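Report on the following structure.
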Amino acid sequence: MDTAVQRFVAPQLQNIASNDLCRNVGDVSPYGRRLPQPALFAVDIDGTFLSAEPEVRRKNRAAFANALKAGYNVFFCTGRPHVSSMAVLDEQFVRSTGYRGYPGVYHNGAVVYDGSGTVLRMTVFGTSFLTAFCEFLVSQQLDKYAAFCDMNGAYMICHDNSCMKEILEDVDIRDPPTVVTPADLLLKQISLIIIHHKEILTQQTHLKCDVDYVLKEGSFGAWDVTPCTSTKAEGLKVLLDSYGVSNADCGFIGNGTNDVEAMTLCDLSFAVQNSEANVKEYAKYTLAETNDEGAFHTVMKLVYGVPCD
């Protein structure tokens, strides 16, 4: 799509109700032109696909299933691990869609699976980073403020998980973190660290943001830390390469600061109305709906013409 046209017409969508958005695929969209129908479409989970409204959840599930049945490859692209991504969805989601999280982009792009569940990318923290980070946590008595995740679960290097319990439960990691020694941690494939507050990491002057790690805002004021170059966009590039397609063949919908690189990468990208501050400017279009008003199923009907019933 022509970038100048996108920027000109995108603001119009903010004032258009969903019944105007949900037109037949053959109609001209509210943007004044037909939108492309990318073969792949990446979906953020928290604040985008998920909703507190049961009817919206039902419609989102139906739209997801109908898009897959129509031959489009809709998948999750999230900061969550695979296991917690599937845990937050009810059993009916898997039954009705047949989607079990593959293909998918997890841990903000650090981990990527193809459609069969084969790992395409597993970017993990190196020994030197984990050693320096753990030494700092222990020396400053900050070890209760960090949880380390691989694709199997969460770990901590102390027994006190009181400060991290609510944060982990918010992303459906409900089992208590396994307590390990720093030496044992080095044997794990750690691709995500969740920290209680960002100063735990930023005050470590020997570790540089966007050089040694990537830092993104997470849940309950916590922060997600992934290895350098691990963003959703980098994960999407790996997945797109595996399909032999370009960013023109992938759509995206999201709401958070960890979505901005993917919004920029994909030729067709949407921000939900209640996106975090400054996120909307990275998306090609901003929706009139919030996640609780059905932003996801609105986009599925707008782009692919699939029903949400």
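Each value in this text was obtained by applying a stated rule to the coordinates, not by laboratory testing. Everything numeric in this text was worked out from a predicted model, so none of it was measured. Cβ sites come from the backbone with ideal geometry, for glycine too, and all protein chains shown count toward neighbours.
Name the shape class, rounded, prolate or oblate, that the alpha-carbon gyration tensor gives for the range 127-227, where a ≥ b ≥ c are the square roots of its eigenvalues, rounded holds for a/c under 1.5, and otherwise prolate holds if a/b is larger than b/c and oblate otherwise.
Taking the square roots of the gyration eigenvalues as a ≥ b ≥ c, the range 127-227 is rounded.
Kindly put H82, H107, H196 in sequence by how many other C-beta atoms sit within 10 Å of each C-beta, fewest to most.
Numbers: H82 21, H107 29, H196 18.
Fewest to most other Cβ atoms nearby, the residues stand as H196, H82, H107.
Taking a 23 Å limit on the Cα-Cα distance, which of the listed pairs K208/K232; K216/K301; K198/K237; K165/K208 fall beyond it?
Flagged as over cut-off: K216/K301; K198/K237; K165/K208.
Just how large is the dipole of the chain about the Cα centre, in debye to the nearest 20, putting +1 at every Lys and Arg Cβ and -1 at every Asp and Glu Cβ?
That gives the chain a dipole magnitude of about 740 debye.
Projecting each Cα onto the charge dipole of the chain (Lys/Arg +1, Asp/Glu -1 at the beta carbon, about the Cα centre), which of C308, G153, Q203 comes out farthest on the positive side?
Of C308, G153, Q203, it is C308.
Computed from these coordinates, which is Cα Rg over 2.2 N^0.38 Å: (i) 1.05; (ii) 1.11; (iii) 1.01?
Correct label is (iii).
Within a 10 angstrom radius of the beta carbon, how do C77, C228 rank from fewest other beta carbons to most?
C228, C77
Rounded to the nearest 20 debye, what is the charge dipole size of the range 127-227 about its Cα centre when +1 sits on each Lys and Arg Cβ and -1 on each Asp and Glu Cβ? Don't skip to the answer; put the middle values down first.
Working: 7 positive and 15 negative charges, 31 e Å.
Dipole about the Cα centre, nearest 20: 140 debye.
Taking every DSSP beta bridge with both residues inside the chain, roughly what % is antiparallel (nearest 5)?
50
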